[in-house]
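So the structure is just underneath, and the comments pick up after that.
Every number here is computed from the coordinates shown, using simple stated rules; none is lab data. Worth saying up front: this structure is predicted, and the values here are computed from it rather than measured. Ideal geometry is used to build each Cβ from the backbone, glycine not excepted, and the neighbour counts take in all protein chains shown.
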There are 4 protein chains.
Amino acid sequence: MGDTFGHLFRITTWGESHGGAVGVVIDGCPSGLALDEALLQRELDRRRPGQSRIVTQRKEHDTAQIVSGVFEGRTTGTAISILVWNQDARPQAYEHLKDLFRPSHADFTYEQKFGFRDWMGGGRSSARETIGRVAAGAVAKALLRECCGAEVLAWVEQIHDLRAKVNRDTVSEADIEANMVRCPDAAMAEKMLARIDEIRKQGDSLGGIVRAHVRNMPAGLGEPVFDKLTAELAKALMSLPATRGVEFGLGFDAVLLRGSEHNDAFESRNGAIRTSTNRSGGIQGGISNGEDLELRIAFKPTATINFEQDTVTREGKAVKLRAKGRHDPCVLPRAVPMVDNMIALVLVDHFLRNQAKTLDRLKS
Amino acid sequence: MGDTFGHLFRITTWGESHGGAVGVVIDGCPSGLALDEALLQRELDRRRPGQSRIVTQRKEHDTAQIVSGVFEGRTTGTAISILVWNQDARPQAYEHLKDLFRPSHADFTYEQKFGFRDWMGGGRSSARETIGRVAAGAVAKALLRECCGAEVLAWVEQIHDLRAKVNRDTVSEADIEANMVRCPDAAMAEKMLARIDEIRKQGDSLGGIVRAHVRNMPAGLGEPVFDKLTAELAKALMSLPATRGVEFGLGFDAVLLRGSEHNDAFESRNGAIRTSTNRSGGIQGGISNGEDLELRIAFKPTATINFEQDTVTREGKAVKLRAKGRHDPCVLPRAVPMVDNMIALVLVDHFLRNQAKTLDRLKS
Amino acid sequence: MGDTFGHLFRITTWGESHGGAVGVVIDGCPSGLALDEALLQRELDRRRPGQSRIVTQRKEHDTAQIVSGVFEGRTTGTAISILVWNQDARPQAYEHLKDLFRPSHADFTYEQKFGFRDWMGGGRSSARETIGRVAAGAVAKALLRECCGAEVLAWVEQIHDLRAKVNRDTVSEADIEANMVRCPDAAMAEKMLARIDEIRKQGDSLGGIVRAHVRNMPAGLGEPVFDKLTAELAKALMSLPATRGVEFGLGFDAVLLRGSEHNDAFESRNGAIRTSTNRSGGIQGGISNGEDLELRIAFKPTATINFEQDTVTREGKAVKLRAKGRHDPCVLPRAVPMVDNMIALVLVDHFLRNQAKTLDRLKS
Amino acid sequence: MGDTFGHLFRITTWGESHGGAVGVVIDGCPSGLALDEALLQRELDRRRPGQSRIVTQRKEHDTAQIVSGVFEGRTTGTAISILVWNQDARPQAYEHLKDLFRPSHADFTYEQKFGFRDWMGGGRSSARETIGRVAAGAVAKALLRECCGAEVLAWVEQIHDLRAKVNRDTVSEADIEANMVRCPDAAMAEKMLARIDEIRKQGDSLGGIVRAHVRNMPAGLGEPVFDKLTAELAKALMSLPATRGVEFGLGFDAVLLRGSEHNDAFESRNGAIRTSTNRSGGIQGGISNGEDLELRIAFKPTATINFEQDTVTREGKAVKLRAKGRHDPCVLPRAVPMVDNMIALVLVDHFLRNQAKTLDRLKS
């Protein structure tokens, strides 16, 4: 259980790091959307290994194949199946790990849960699992563009203690994609790059923070009580590998303000009701208010490092471990498309749910 | 949609601040659990208005009534329905708010979503909605005690800039309940109390941070991919009113460490495989590893304040607003039972899901 | 599990025969629908015990109380909670049954599943459980009237071997409600009445067939593959107590025809594409084609009879049983509103699901 | 929506008749089950086109490929993805149908729902869609064998007006598979074969009835209220293509009996509590009682016939149609594995759900 996400735009992902393939089934995509492999590939290329020197050098083209649900270039409204064949699996690279537990990986917990585990490259716990999400996110983004114009941006805001300064009102996708770190503060991106290079040479790893920002948000997305937009986004993002926390608007810093300092006053602006500040990050009472969504997600440093580490075997015997698999010294550049695509998936799901919300709309 | 939570231990809540009653239906509670109203009341009293001078003075006894699913003192395995009648609803206190939007409340977003709104006390967006969750959480806690011994604790760690120091290994429920703030650092609790009193007199409000800690955690809870324990807990907690962020283990601070500093080494301890540190907060790869769960949740300052605030009417006309409803100057003391009970709900659901995970277990 | 039904218009029922109350929570009803207790009561009165001499004489008014989700006479879009207090519970009438299993009741199976059972009046397996469904169905019918004009009719077509002749094109709700059997063939209704009276005096019971017919059906309801309209209706109807089978269109008789005899040709009629026959009963490939829905549901004879029957105690000791509880000699008259309201629930759910199906609609 | 089925053993199918491939993702299969392609192939071969002269002559090997979820011959507990490439798609054979609606097919209803349709071989409405279900059913059957020994049998009981006589207590899978009709009454199978041959030559088609029978049923499967075993089986079976009705135990014939004739008395037999008759077909109050499951499913005559038929174009113009695609003159022989595998899927799902039902079990 747990491989399915969403209520009306529902995705089911499958696949392991070193199994034959990985993929996704999208159930609930409306009919009539123009869709082809190129549209998917654009997002998959942002997530792909080997895209730059600072990510894992596993050689994967991650070429998406649509095998159902599209007819003559348009979605049919039935299940869309997308698959990507693994090309550069090297199971033998993991053979020395099969009887021991890599620190801060899922080896131990999978074995506790399932009684044994697929020890090749983390099996299902590999970040390769996110290919399906990103491919589905590409479809979600296309749908958002057609239906409501919402634009989902995410970028690297911080790596280690290096924090970027970005004008959130003007930053563009091109700014983000302008460098291999995906940090639109070009000067800071250089420093981050240097830091990653340095740490990579040491065999160590780094974490960081991704900030997301959604423009042209429709108001009214999110449900009362459990399926609040904050709650659904939090689940979506915390389901990504290596995430440690998520916050909305001012987040944890909101606790330092008083109510009189934190509240967002309403005003009329250009004929619309707007807030004069956006400390809430676009969500009030769990429902979007039409202001830009603002959120931040923390990623821990990659667990795989080229250091000798203490661990134990499956029988509990103390051993020393030195990992040999290819890995990202810092997951952040590749986490960006995971974040923006997961957000797109949540927004589309709630946009579709909203179609059935008022009698007035149903009658029209 | 969105009033139901959980996959095998599934709760559906209902009710408004000023409607007749609030309640919950629990579907999926195993049969044979001893359950009576006293067990529910203990948790509801921790959430209740009027429990101390620093919370809202609305007069509610929040007396729970079990109207189905229990027979001769034990759960039957069928739907458990629990209800609490509202006693001190004062809709007239909200009449002056019916045509305008309170800043940072759900008034505007509900109206955007549903076309109109129940303006009495926030309707469904009132924190009174959490009564159902807490009552259900009481059942979940009882089940955890019987089945796996897990103990869920939560306390106030920070209010405004006042941060408590608490020994997480030794803190007890009695320590937490020892003062009206629910902060087990007695000296700091005094300061927090003084700060809340001060801010209350000014008509302003405060936010803060709740820390949660689960002992005797079973390993193996949480599912790969989307229903990771982190993801499900994040959803559960971010669905609580006024939450702004959630983090696990070291959370956002994890980004300041290198992998070699952050990884939790495995060791054999007393015949069991354990981690020598717990920077991951008890969850690796989205699945519990048997170490204590550690998480933190940020709550914004209460939106209702006795200040004159700028806002607009439903027609967009600028007006001044001064709230008159009774409210909490600081939601934290009452947020504690919301947090620990939501965590219990997630843990029970995943404990039950885990029963069907391995062929070995099914054969026994 | 299993007390919740529906995907977008989702109901959760609760309550036992002799517990305090029974009820339902409706999650997903669009906002803005006019709703009051009188609208519910009309359907509940059709299901009510004591409505005529041929049904159980238990004295229940089944008065519905709406305790959330309606504000100033309209649905708010949030959870609607409806409850009905039990008034004439007589648990003592079941005391002699507590240690034995009534033949063809759920006593034995509940005990096998849950380890023990609520022996008062069948507990959750009582037909009293359907009150929540019927109340929710009243809301669903109101929504259908507002949104698409679909009219759901059901009537008693057969009792024992007595089969009515009814003109399906012209029969009206008034014809159905004209007699206490709910059979619009007045002459046959008399015979059925006599048969029920006769069998009731003997202490025996009868079964029969309900036919359902939906006019003004929107085309396009139902989903490919698993959530076909046939499949969802079959589940909904087979979840009613005492049902033994369901069939659509010509049903089991379709097997006696060849394809050339069974196919429904398409034609243009009054500017619309229609079928010239309706052997498919309004559903092709699992999706409605706009023709009238036609289906039939079989109900077994009531299990409770005033005959001495062989059974065993919980310990397996052979005993003789003679039931004493009040009961329906024939469930059919009261099954009619259960059937038409369950159908309404399925249709509304699929009507709402259909709002998110095509890009064209989403763009408008 | 609607491509996913099951609550704990959850399958999602995808694929079209003439798209690249068809497949299924199984989410929730316990870890540790021995699984390979041969096990799947055995069931797929029973469903395969071209298996005999009386089924469609489309040339498909339907070779299953497991691309995730199995490691070293055992299921890992994570998502199992299975795919089958289409080999003998001939889209051009459908080109003459693209602008008109085949009678009693899903052409018209898909177009009503989705605005346009994949006209190649019925797209998603093709019976080829059931490959995924049958492959998943093979896994479910393996699990049933390991966990509870339940044996699911199904056979052709009736074709047109030819009805077999079968001893349900002794019939074996070998008896069923002994002839190409899958009717274990060998003499009647010959007559059925002759009838199918005759009708095939005429270009017409036939329907029939499949009977299913489950031995070694565990008691206690099925949930109160909506997820009754009858309800879930009815949904599963009515979601198969061409089904018209389903009945349990005596089914529609039960209405001809009185309660005193229909009730199943309890008795002690070989130390167990059993019913002396099984008119209920193994399910009482929606929950299995440990007796054999008995049910029947009606299939209509195949809609595709080589007759000239009246229909209309998408613009509503009257035209004559003569189908050219390869098709089954009688779907029954291939419906048998669809039925038994769907039943296995429902049983496994409920077997897994039952693991979390009683406190006693959870404590052990």
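Okay, here's what the table says:
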{"item": "Filter pass, D:Asn306 being farther than 30 Å from D:Asp107 by Cα and either touching a residue at least 24 places away in the same chain (Cβ under 8 Å) or more than 22 Å from the chain's Cα centre (by Cα) (or both)", "result": "no"}
{"item": "In region B:10-34, the residues that are without any contact (Cβ under 8 Å) to a residue 60 or more places away in the chain and aliphatic (A, V, I, L, M)", "result": "B:Val25"}
{"item": "Selection count where residues are assigned to a loop (DSSP other than H, G, I, E, B) and surrounded by 14 or more Cβ atoms within 10 Å (Cβ to Cβ), scope region B:141-169", "result": "6"}
{"item": "The listed residue being more than 7 Å from every other protein chain (Cβ to nearest Cβ), touching a residue at least 60 places away in the same chain (Cβ under 8 Å) and closer than 28 Å to D:Arg326 by Cβ, out of D:Leu206, D:Leu240", "result": "D:Leu240"}
{"item": "Conditions (1) closer than 18 Å to C:Phe299 by Cα; (2) within 14 Å of chain D (Cβ to nearest Cβ); (3) buried (at least 22 other Cβ atoms within 10 Å of the Cβ): number failed by C:Glu223", "result": "(1)"}
{"item": "Answer from C:Ser172, C:Ser239 - the residue that is of a type in the set (Ser, Thr, Tyr), surrounded by fewer than 18 Cβ atoms within 10 Å (Cβ to Cβ), under 19 Å from the mean Cα position of the chain (by Cα) and closer than 23 Å to C:Leu153 by Cα", "result": "C:Ser172"}
{"item": "Hits in region C:94-104 - residues which are over 15 Å from D:Gly281 (Cβ atoms) and not aliphatic (A, V, I, L, M)", "result": "C:Tyr94, C:Glu95, C:His96, C:Lys98, C:Asp99, C:Phe101, C:Arg102"}
{"item": "Among residues of region D:248-295, those that are facing chain C (nearest Cβ under 7 Å), β-branched (Val, Ile, Thr) and under 21 Å from C:Ile209 (Cβ atoms), counted", "result": "1"}
{"item": "Qualifying residue in region B:122-129 (condition: more than 30 Å from B:Gly73 (Cβ to Cβ) and among the polar types (S, T, N, Q))", "result": "yes"}
{"item": "Some residue of region C:245-260 being in contact with a strand residue (DSSP E or B) (Cβ under 6 Å, 6 or more places away or on another chain), under 25 Å from D:Phe108 (Cβ atoms) and polar (S, T, N, Q)", "result": "no"}
{"item": "Subset of region B:79-119 that is among the charged types (D, E, K, R) and under 30 Å from B:Ala38 (Cβ atoms) - its residue that is nearest to the chain's Cα centre (by Cα)", "result": "B:Asp88"}
{"item": "Evaluation of C:Asp185 against (1) out of contact with any strand residue (DSSP E or B) (no Cβ under 8 Å at 6 or more places or on another chain); (2) in contact (Cβ under 8 Å) with a residue 40 or more places away in the chain; (3) buried (at least 18 other Cβ atoms within 10 Å of the Cβ) (one fails), failing number", "result": "(2)"}
{"item": "Unique residue being touching a Leu at 6+ places or on another chain (Cβ under 9 Å) and over 30 Å from D:Glu291 (Cα atoms) when the list is C:Ala89, C:Ala174, C:Ala150, C:Ala178", "result": "C:Ala150"}
{"item": "Cβ-Cβ under 6 Å pairs, at least 6 apart or on other chains, region D:43-68 side among the polar types (S, T, N, Q), far side surrounded by fewer than 21 Cβ atoms within 10 Å (Cβ to Cβ)", "result": "D:Ser52/D:Met180; D:Thr56/D:Pro49; D:Thr56/D:Arg326; D:Gln57/D:Gly50; D:Gln57/D:Arg326"}
{"item": "Residue under evaluation C:Val319, criteria (1) farther than 30 Å from C:Gly28 by Cα; (2) assigned to a loop (DSSP other than H, G, I, E, B), criterion not met", "result": "(2)"}
{"item": "Qualifying strands (runs of 3 or more DSSP E) (wholly inside region C:190-293; at least 2 residues being more than 21 Å from C:Arg47 (Cβ to Cβ))", "result": "C:243-248, C:266-269, C:272-275"}
{"item": "C:Leu162 more than 19 Å from the chain's Cα centre (by Cα) and without any contact (Cβ under 8 Å) to a residue 60 or more places away in the chain", "result": "yes"}
{"item": "Residue match in region B:113-123 (condition: surrounded by fewer than 21 Cβ atoms within 10 Å (Cβ to Cβ) and within 12 Å of another protein chain (Cβ to nearest Cβ))", "result": "yes"}
{"item": "Residue that is surrounded by the most Cβ atoms within 10 Å (Cβ to Cβ), among those in region C:348-364 that are out of contact with any Ser or Thr (no Cβ under 7 Å at 6 or more places or on another chain), among the aliphatic types (A, V, I, L, M) and facing another protein chain (nearest Cβ under 7 Å)", "result": "C:Leu352"}
